[in-house]
Every structure is written in structure tokens, then in C-alpha cells.
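A short worksheet on the structure shown next.
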Amino acid sequence: MRPSWDQYFLKLAMLASERATCPRMHCGCVLVRHKHVLATGYNGSLPGLPHCDDIGCLIVNDHCIRTNHAEMNAITQAAKNGVSIAGATAYVTNMPCTTCAKALIGAGIKRVVVFSDYHSTHAETFFREADVRLDRQEMPETLIKYDLADYSSAKSFDSCKDEVSERKP
Ligand SMILES: [Zn+2]
Ligand SMILES: [Zn+2]
């Protein structure tokens, strides 16, 4: 079935999460306004610094503090590129932590869509107080439906190569 816009952007957030580098959590975030992707993020180390996957987590008070969270990375990507995210929707795989929730609110995010919860967060309270709409949705299907064999106009590279070589004199 064709995914709804919300399911589509949640699925993009899941795809972003595949780049995460902390084994304790894989999280993805996509910032969207008017069905247009403004920025994406996943939880990972700061640029150039080693990853939890390579050197282990850095645990403080039962949280790994080595990574920037997905929401923070999406917000900082937008800042780096000079993209306003005011009025945008944040699609996140998990309920934001308290710090990310506050950053999203401060950056002008007006709606947050998630499909799973996160331990010990006050996000929901802050969202309610700041009048940010929070939507919990079903987790989208994890399967990406794309099979070249299904499409009569598509060809694999191998068959394209054959065609090119056939055209040679
Ligand atoms: Zn970690
Ligand atoms: Zn966070």
C-alpha cells in the first residue's frame, strides 16, 4: 500500500537511523516543512571524533554522552546550512529526550511525530506547555518495496551493459 506522508517521513527517519553509531540506541530524525525535507540526522559522534561502535560508549549517569542525538544533528545540520526550521515538523523514530525536546521547541518546531517512547524524558510535558503537537503513530513497515523485476521500464546495469555492447560496431 502507498504510504501516507507521515509514514513516508517516519520511514525516512528510520533510514537515517541506519547511520547511527551508538549501539545503545539507533535514532533518526527528519525535519520537514510543506512536505519538503529540510534536514536529517541520526545519533552519532561529532564530526571527526571516534564512534561508540569503534571505541565503546561514554557512559555518564546511565546515558551515553558520546553522541549528538539525531534531533540535535538535524538541527545543527540546518544551522550549518543556514536553513530555517521554524514551523517545521520533526519526524523522529523515538520520543525525544528532554534536551532535544527543548532544542526542537527553541528552533520553532511545531509538530513532532514519533513511533516509540524513550526512557526518562520530560519531552511530552515541555511539548504540551510550548503548544507543540505530539503525534504517536504506528511504526512504518521496515521493508523497502523496490524490485527491478517489477518494473517493465527498468533494467539492471548488467542488461544495460549488454545493450551498450550490442550497439558497438
Ligand atoms: Zn554510545
Ligand atoms: Zn536527545
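Annotation note: of L15, L46, the sole residue that is in contact with a strand residue (DSSP E or B) (Cβ under 8 Å, 6 or more places away or on another chain), outside any loop (DSSP other than H, G, I, E, B) and farther than 19 Å from R111 by Cα is L15. Can we say Y91 is away from ligand 1 (no atom under 14 Å from the Cβ), under 21 Å from Y8 (Cα atoms) and either among the hydroxyl-bearing types (S, T, Y) or surrounded by 14 or more Cβ atoms within 10 Å (Cβ to Cβ) (or both)? When the stated conditions are applied, Y91 passes them.
If you take the residues in the stretch 59-72 that are closer than 14 Å to T40 by Cα and not in a helix (DSSP H, G or I), which one is nearest to ligand 2 (Cβ to nearest atom)?
Residues of the stretch 59-72 closer than 14 Å to T40 by Cα: 68-72.
From what is left, the residues that are not in a helix (DSSP H, G or I) are 68-69.
Working: N68: 9, H69: 3 Å.
Across the stretch 59-72, the extreme among qualifying residues is H69.
Of the residues making up the stretch 98-116, those that are buried (at least 21 other Cβ atoms within 10 Å of the Cβ) and either among the charged types (D, E, K, R) or near ligand 2 (Cβ under 10 Å from one of its atoms) (or both) are C100, A101, L104.
Test of understanding: among D6, D62, which residue is within 25 Å of T125 (Cα to Cα), more than 9 Å from the chain's Cα centre (by Cα), charged (D, E, K, R) and modelled with pLDDT under 95? Write out each step before concluding.
Working: D6 fails: modelled with pLDDT under 95.
Of the residues listed, the single one that is within 25 Å of T125 (Cα to Cα), more than 9 Å from the chain's Cα centre (by Cα), charged (D, E, K, R) and modelled with pLDDT under 95 is D62.
In a residue-by-residue description of the stretch 139-146, the property of being within 16 Å of ligand 1 (Cβ to nearest atom), closer than 28 Å to P23 by Cβ, among the charged types (D, E, K, R) and in contact with a helix residue (DSSP H, G or I) (Cβ under 9 Å, 6 or more places away or on another chain) applies to no position. Tell me, yes or no, whether the stretch 50-58 has at least one residue that is within 25 Å of L134 (Cα to Cα) and more than 15 Å from ligand 2 (Cβ to nearest atom). Within the stretch 50-58, none of the residues are within 25 Å of L134 (Cα to Cα) and more than 15 Å from ligand 2 (Cβ to nearest atom). The number of residues in the stretch 8-30 that are surrounded by 19 or more Cβ atoms within 10 Å (Cβ to Cβ) and away from ligand 1 (no atom under 16 Å from the Cβ) comes to 8.
Yes/no per residue for (1) within 14 Å of ligand 2 (Cβ to nearest atom); (2) over 17 Å from V132 (Cβ atoms); (3) in a loop (DSSP other than H, G, I, E, B); (4) touching a Leu at 6+ places or on another chain (Cβ under 9 Å):
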site	(1), (2), (3), (4)
Q7	no, yes, no, no
T21	no, yes, yes, no
V30	no, no, no, yes
T40	no, yes, no, yes
A74	yes, no, no, yes
G87	no, no, yes, no
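N94 meets each of the listed conditions (1) within 16 Å of ligand 2 (Cβ to nearest atom); (2) in a strand (DSSP E or B) apart from (2).
Considering the conditions (1) closer than 21 Å to A16 by Cα; (2) at pLDDT below 95; (3) in a helix (DSSP H, G or I), C100 is excluded by exactly one of them, (2).
For A130, the test of being modelled with pLDDT of 95 or more and more than 16 Å from V30 (Cα to Cα) is passed.
The values are calculated or read from the model by the stated rules, or taken from the named source; none is laboratory data. Because the structure is a prediction, the values reported are computed rather than measured. Glycine gets a Cβ as well: all are built from the backbone with ideal geometry, and neighbour counts include every protein chain shown.
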